[in-house]
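Here's the structure, in structure tokens; my notes come after.
The values are calculated or read from the model by the stated rules, or taken from the named source; none is laboratory data. What you are looking at is a predicted structure, and each value in this text was computed from that prediction instead of being measured. Please note: Cβ atoms are built from the backbone with ideal geometry, for glycine as well, and neighbour counts cover all protein chains shown. Accessible surface is based on the protein model in full, side chains and every heavy atom, while ligands, DNA and RNA are left aside. Shrake-Rupley method; radii C 1.70, N 1.55, O 1.52, S 1.80 Å.
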Amino acid sequence: MYHDIETTPRSELREIQTDRLRETVRRAYENVDFYRERLEEAGVSPADIESIDDIAELPFTRKEHFREQYPDGLFAVPHEDVRRIQASSGTTGKQKLVGYTDADLRVWRDVMARSLAAAGVEPGDLFQNAYGYGLFTGGLGFHDGVEGLGATVLPTGGGNTARQIEMLQDLGADALGCTPSYCLYLAENMEERGIDPQDLPLSTVVIGAEPFTDPMRAEIEAALDVTAVDIYGLSELIGPGVSVECAEVQNGMHVWEDHFYPEVVDPDTGEPLPEGEEGELVLTSLTKEALPVLRYRTGDVTSLTYETCDCGRTAVRMDNVSGRVDDLLIVRGVNVYASSIEEVMVDVDAIAPHYRIDLYREGSLDTMEITVEHHEDADAGADELRDRVETRLDEVLNVSVDALEVVPYGQIERQETGKVQRVFDHR
Ligand code: DLL
């Protein structure tokens with residue numbers, strides 16, 4: 001283990017969480033007008049929070065609050081103590097700016113080093129970091145973590161695929177960090193260039209920043225002959241490094257609970273849900289100085305399990321994020337996540353794992369058009385494939401699409417940088 005805390009008995013962990021939650025609430029109340037007002041409105045004073053079990057008394061913090069308090073209304077320290085500013089990758093409205101003190105940066109480096117160690121990266125390894133550098137937390141978050149672990153970082157950043165591949169061949173990285181969609185793109189691109197990815201020494205890829213499905217992960221692992229480990233995080237809490245799978249078991253992501261406290265709530269009522277039930281992930285920071293965050297509604301859909309993992313880590317595990325609360329599509333009265341559609345499609349042989357969903361409104365009805373790609377070595381023609389996909393979507397999800405187009409391989413635009421966009425809402 002990278003850190004003893006990873007196997008600490010849960011009872012001890014709860015004591016640490018209690019102390020840290022009390023300190024975080026006090027810090028937020030005393031230094032941030034927004035939190036003081038919200039707590040007063042809710043009739044809660046910091047003294048009311050006696051243990052971690054009282055957390056549900058605290059009001060939620062939402063994305064809108066970050067936007068309303070833009071740029072730094074949620075910061076709890078004076079400007080001279082903020083050592084770095086980054087931002088979330090929001091596509092609409094103002095970005096959410098986040099700040100870090102020296103101590104926050106040390107925590108981030110530590111949780112990222114821990115995450116990489118759990119993912120199977122070892123001191124001395126070469127890590128090619130293809131997450132974007134800049135305001136996005138992916139690049140610098142991984143960068144610091146690799147150095148913290150004592151491995152070597154190759155900061156290629158996002159995009160520039162030809163150079164990425166050349167580096168993978170010439171320097172022979174042991175591990176690679178990038179989004180799952182970019183990972184697939186890299187594999188595809190190597191094949192087009194006549195390079196066999198299986199010849200590379202690469203053994204681990206650490207994928208995150210966007211949802212992916214099990215079949216998509218299987219494609220990545222097969223194409224590159226690697227273990228693909230899921231890592232989760234968000235800028236509002238710190239960046240990447242909130243939770244990660246262990247390479248040994250790969251069954252849910254260990255949440256670094258000494259720094260981030262997870263709950264899962266019903267997205268409609270906000271009521272906490274029992275272990276194992278799927279709902280919206282809510283996170284509270286337990287050690288952040290510059291930007292303490294109380295009960296943040298992440299919008300991410302997951303469930304929690306408290307069972308000790310076979311790897312020996314005691315931290316609660318969150319299921320791989322299946323989508324976002326606001327990604328729920330309601331098409332002709334049927335609720336469906338974009339990721340479920342992907343799962344069905346990737347399951348159909350002869351379909352490449354590239355697709356797009358276009359949503360339109362005709363009169364008062366929502367319509368959905370899906371475009372999928374024909375796999376290069378497909379055994380069936382486009383008509384037969386269309387039939388297969390339509391039948392599967394109907395059988396598994398009970399959805400019928402308004403139009404389903406099968407296009408030749410490579411026709412759906414690939415994205416080299418940033419987070420992949422698959423749902424295009426024209427409504
Ligand atoms: O995406 C941090 C990150 C960078 C995580 C690199 C992992 C790797 P934001 O730009 O603030 O931060 O976006 C956070 O991305 O609320 C999720 O919706 C989504 N997300 C992040 N990791 C995963 C994952 C970074 N492993 C938002 N699976 C989050 C699914 C993820 N979704």
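A few comments on the model shown:
Yes/no matrix, rows are residues, columns are (1) touching a strand residue (DSSP E or B) at 6+ places or on another chain (Cβ under 7 Å); (2) closer than 20 Å to residue 286 by Cα; (3) among the polar types (S, T, N, Q):
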site: 103; (1), (2), (3): no, yes, no
site: 111; (1), (2), (3): yes, yes, no
site: 121; (1), (2), (3): yes, no, no
site: 125; (1), (2), (3): yes, no, no
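- Lone qualifier among 363, 418 - being out of contact with any helix residue (DSSP H, G or I) (no Cβ under 6 Å at 6 or more places or on another chain), among the small types (Gly, Ala, Ser) and free of Cβ contacts under 8 Å to residues at least 24 places away in the same chain: 363
- The one condition in (1) over 19 Å from residue 3 (Cβ atoms); (2) open to solvent by less than 20 Å² (accessible area, probe 1.4 Å); (3) of a type in the set (D, E, K, R); (4) more than 10 Å from the ligand (Cβ to nearest atom) that residue 300 fails to fulfil: (4)
Every residue, every condition in (1) away from the ligand (no atom under 16 Å from the Cβ); (2) open to solvent by less than 30 Å² (accessible area, probe 1.4 Å); (3) of a type in the set (Asp, Glu), yes or no:
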{"site": "156", "(1), (2), (3)": "no, no, no"}
{"site": "167", "(1), (2), (3)": "yes, no, no"}
{"site": "171", "(1), (2), (3)": "yes, no, no"}
{"site": "197", "(1), (2), (3)": "yes, yes, no"}
{"site": "228", "(1), (2), (3)": "no, yes, no"}
{"site": "235", "(1), (2), (3)": "no, yes, no"}
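- The number of residues in region 202-226 being away from the ligand (no atom under 14 Å from the Cβ), open to solvent by less than 20 Å² (accessible area, probe 1.4 Å) and part of a helix (DSSP H, G or I) comes to 1.
- Residue check: residue 146 meets all listed conditions (1) surrounded by 24 or more Cβ atoms within 10 Å (Cβ to Cβ); (2) within 30 Å of residue 326 (Cα to Cα); (3) away from the ligand (no atom under 11 Å from the Cβ) but one, namely (2).
- Checking each residue in region 31-53 for being touching a helix residue (DSSP H, G or I) at 6+ places or on another chain (Cβ under 8 Å), charged (D, E, K, R) and touching a residue at least 12 places away in the same chain (Cβ under 8 Å) picks out only 50.
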